[in-house]
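Working notes for the structure below.
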Amino acid sequence: MTTYEELTITEDGQKLLKKAEEDQVETVWDRHQAQQPQCGYCDMGLSCRICVMGPCRVDPFGEGPQKGVCGADADIIVARNLCRMVAAGASSHSDHGRDLVEVLAAVAKGNAPGYSIRDEEKLRQVAVEYGIDPEGKDALPLAGELAWTMMEDYGMRQEEITLVKRAPEKRRELWKKVGITPRGIDRETSEMMHRTHMGVDNDWVSLLLQALRNSLSDGWGGSMIATEISDILFGIPSPKPTMVNAGVLKEDQVNIIVHGHNPVVSEMILEACESPEMIALAEEKGAKGINLAGVCCTGNELLMRHGVPMAGNHLMTELILSTGAVEMMLVDYQCIMPSLGTVAACYHTKMISTSDKARFPGMEHREFHADNAQKMAGELVKEAIENFSQRGNVYIPVEPVPAIGGFSVETIVGALGGTPEPLIEAIKAGKIRGAVGIVGCNNPKIKHDHGHVTLTKRLIENDVLVVDTGCVSVANAKAGFKVPAAIEMAGPGLKEVCGSLGIPPVLHLGSCVDNVRILVLISALADALNVDISDLPVAGSAPEWYSEKAVTIGAYFVASGVTTVLGPMPPITGSMNVVNLLTEGLNDVVGATFAVEPDPEKAALLIRRHIEEKRKALGLAYVEV
Ligand code: SF4
Ligand code: MSK
């Protein structure tokens, strides 16, 4: 019998798991258990269902078939499967970016009531990067021109994606030499799918190089566009206090939760929740107000820009509903478990899907578009308020924890006095040994939040600065790492630097697409030191990843020169050639590799050793780890 403590390290998670069990609510952990044992062939990447001569499997013990019906061997099958994960991840982020380009275009045409250009300076700066002269142009026509030009990044009229120019020159030259400079966002994903069709690219090395190019089209393309337009439309994040965990729900208020990734919907919901008319209606219905909170990355988008509280990360999404305190959950897309409608049906919670491309069982579909979003948001918030009277018993198990979010590159550099120089000096002096981006999801294969929190703790206590995004950032906020007082958990050097700047030792950089903020930050560091990204004492990690998007993020980190340590093993162990290329061979190609280490204590040692090796190579003081 598994205990709640074995499933999650979080107090709210443990208590709500008990509540869910009492309420006979099935959770992701129950279904994970019911799936055991999971398919060994799939786990190793050795099964293929790309065509209907199959499905095929290659026997890992050498006794059964060693080739699929078409003749594909283990290397080809494993590489193709991984490549398709990268393509799916890249297309998810990049399609999210495309939606924002369309909203920007609609704003420019005056077809998006409620939306506006909140950061005109950033609009002008990005326009210049796209080769547009903003001189003498008003914001709206300029936004239209930028949206139109960005659309070309999605197609095939360019030799390289525009924002690739943000990468250090040495890195761009390397990409050219290796032949992985991304040309068009959709083009690379489309080519990846083409190459993995039966009978196209059957060289596992060539396939994996295209996967790197495809991932770069996301990191320096679709995701970067998503982040930049979000900043233009909704403002560049700046540090703001907030609260986290299931305790952010309020017993005496109307609770509305937003879930997914795209801020286009959630920004409008926030506006509606803050309207005096809605607040008055809530009071009329007996509530003390309207409490908007987030889960996953739509939550991160609102937290970063407005300090909206965060109820939980990926594995908490079902449990948040089991509080019985949620009047309405609105979802857009990605990481939304199709089980949520069934969980909500056990309570009074209304579930609303909002995107034409993401529908779910047990949810009412109310489609948001730029032209109707403001009106739709008002109607839905009203419905949520009216649902307050339908509440049954409510169980909010913990008090919330304070945190600070909103560290964009602009605010980090601003806090440093307008230049990355003080950070570089602190790294050179050894007060900060290096920096690590911890990113990604939760996965029921790993004790919830244990990987994130343990790794972060070990790194900061050894003077490694941590920046995080996505579901990690929620785990780390819940663990108390994101308040200035958390410097007490840091090593002496990191404590001194963060203490003098008044910042926590763990900086929240945003949502999944905001991993590109990490790329921009490390590019600035590399440029300031006149080295390549792969020379820096930095690393990436995804201790509890589950999604295809996380594979793509890992791939663009590595292709950009950041060695990245994964917790769960990707499905590649069926081919030692693929394993060796990804964990060793890539060092000779892009100067960085993947590593896999599910134990966060060991992962911390691995990362610290890597950082010290980079310090040594740069001629900086180093220690043996
Ligand atoms: Fe089998 Fe080849 Fe078809 Fe895959 S592509 S299912 S290995 S025949
Ligand atoms: S939401 S991709 S579970 S981080 Fe971005 Fe969290 Fe991973 Fe989804």
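The values are calculated or read from the model by the stated rules, or taken from the named source; none is laboratory data. Predicted model, so just to flag it, every value in this text is computed and none were measured. Glycine gets a Cβ as well: all are built from the backbone with ideal geometry, and neighbour counts include every protein chain shown. With ligands, DNA and RNA removed, areas are computed over all heavy atoms of the protein, side chains included. Shrake-Rupley method; radii C 1.70, N 1.55, O 1.52, S 1.80 Å.
Structure notes:
- Selection within the stretch 317-333 - part of a helix (DSSP H, G or I) and more than 12 Å from ligand 2 (Cβ to nearest atom): 318, 319, 320, 321
- Of all residues in the stretch 91-110, at least one satisfies being in contact (Cβ under 8 Å) with a residue 12 or more places away in the chain, away from ligand 1 (no atom under 16 Å from the Cβ), assigned to a loop (DSSP other than H, G, I, E, B) and in the same structural domain as residue 165 (by TED's automatic domain parsing).
- Scanning the stretch 146-181 for residues that are open to solvent by less than 10 Å² (accessible area, probe 1.4 Å) and of a type in the set (Phe, Trp, Tyr) yields one hit, 175.
- The residue pairs whose first member lies in the stretch 193-209 and is within 16 Å of ligand 2 (Cβ to nearest atom), whose second member is charged (D, E, K, R) and in a helix (DSSP H, G or I), and whose beta carbons are closer than 6 Å, counting only pairs six or more residues apart or on different chains, do not exist in this structure.
- Residues of the stretch 367-388 that turn out to be surrounded by 15 or more Cβ atoms within 10 Å (Cβ to Cβ) and of a type in the set (Lys, Arg), as a count: 1
- If you go through the stretch 522-550 and keep only what is in contact (Cβ under 8 Å) with a residue 40 or more places away in the chain, more than 10 Å from ligand 2 (Cβ to nearest atom) and open to solvent by 20 Å² or more (accessible area, probe 1.4 Å), you end up with 524, 527, 528, 529, 531, 535.
- The residues of the stretch 58-87 that are among the hydrophobic types (A, V, I, L, M, F, W, C) and open to solvent by 30 Å² or more (accessible area, probe 1.4 Å), listed by number, are 61, 69, 70, 85.
- Qualifying position, being modelled with pLDDT under 95, of a type in the set (Asp, Glu) and outside the structural domain of residue 561 (by TED's automatic domain parsing), among 135, 169, 159: 159
- Pair list, Cβ < 9 Å and 6+ apart or interchain, from the stretch 147-165 residues that are hydroxyl-bearing (Ser, Thr, Tyr) to residues that are open to solvent by 40 Å² or more (accessible area, probe 1.4 Å): 149/131; 154/98; 154/186; 154/187; 162/129; 162/131; 162/152
- Failed item, numbered, when residue 29 is tested on (1) open to solvent by less than 40 Å² (accessible area, probe 1.4 Å); (2) near ligand 1 (Cβ under 8 Å from one of its atoms): (2)
- Residue ID - nearest to ligand 2 (Cβ to nearest atom), chosen from residues in the stretch 42-60 that are among the β-branched types (Val, Ile, Thr) and more than 23 Å from residue 568 (Cα to Cα): 50
- Residue match in the stretch 270-288 (condition: within 16 Å of ligand 2 (Cβ to nearest atom) and open to solvent by less than 10 Å² (accessible area, probe 1.4 Å)): no
- Residues (assigned to a helix (DSSP H, G or I), open to solvent by less than 10 Å² (accessible area, probe 1.4 Å) and not β-branched (Val, Ile, Thr)) located in the stretch 289-316: 296, 297, 299, 300, 301, 302, 303, 304, 315, 316
- Of the strands (runs of 3 or more DSSP E) lying entirely inside the stretch 515-606, those containing at least 1 residues that are touching a Cys at 6+ places or on another chain (Cβ under 8 Å) span 538-542.
- From the list 247, 155, 179, the one residue that fits, being farther than 28 Å from residue 522 by Cα and over 22 Å from the mean Cα position of the chain (by Cα), is 247.
- Condition check for residue 336: in the same structural domain as residue 301 (by TED's automatic domain parsing), in contact with a His (Cβ under 8 Å, 6 or more places away or on another chain), surrounded by 16 or more Cβ atoms within 10 Å (Cβ to Cβ) and not in a strand (DSSP E or B): yes
- The condition (being touching a strand residue (DSSP E or B) at 6+ places or on another chain (Cβ under 9 Å) and either open to solvent by 30 Å² or more (accessible area, probe 1.4 Å) or hydroxyl-bearing (Ser, Thr, Tyr) (or both)) is satisfied by just one residue among 506, 483: 483.
- The C-beta contact set for the stretch 377-405 (first residue without any contact (Cβ under 8 Å) to a residue 60 or more places away in the chain, second residue assigned to a helix (DSSP H, G or I) and not acidic (Asp, Glu), distance under 9 angstrom, 6+ apart or interchain) comprises 379/272.
- Taking the stretch 43-73 as the range and being near ligand 1 (Cβ under 9 Å from one of its atoms), in a loop (DSSP other than H, G, I, E, B) and touching a residue at least 24 places away in the same chain (Cβ under 8 Å) as the test, the residues that pass are 50, 51, 53, 58, 70, 72.
- Selection count, the stretch 190-213, where residues are of a type in the set (S, T, N, Q) and open to solvent by less than 20 Å² (accessible area, probe 1.4 Å): 2
- Being touching an Asp or Glu at 6+ places or on another chain (Cβ under 8 Å), modelled with pLDDT of 95 or more, at negative phi and within 16 Å of ligand 2 (Cβ to nearest atom) is not true of residue 260.
- Residue satisfying condition, being under 24 Å from residue 203 (Cα atoms) and within 16 Å of ligand 2 (Cβ to nearest atom), within set 86, 28: 86
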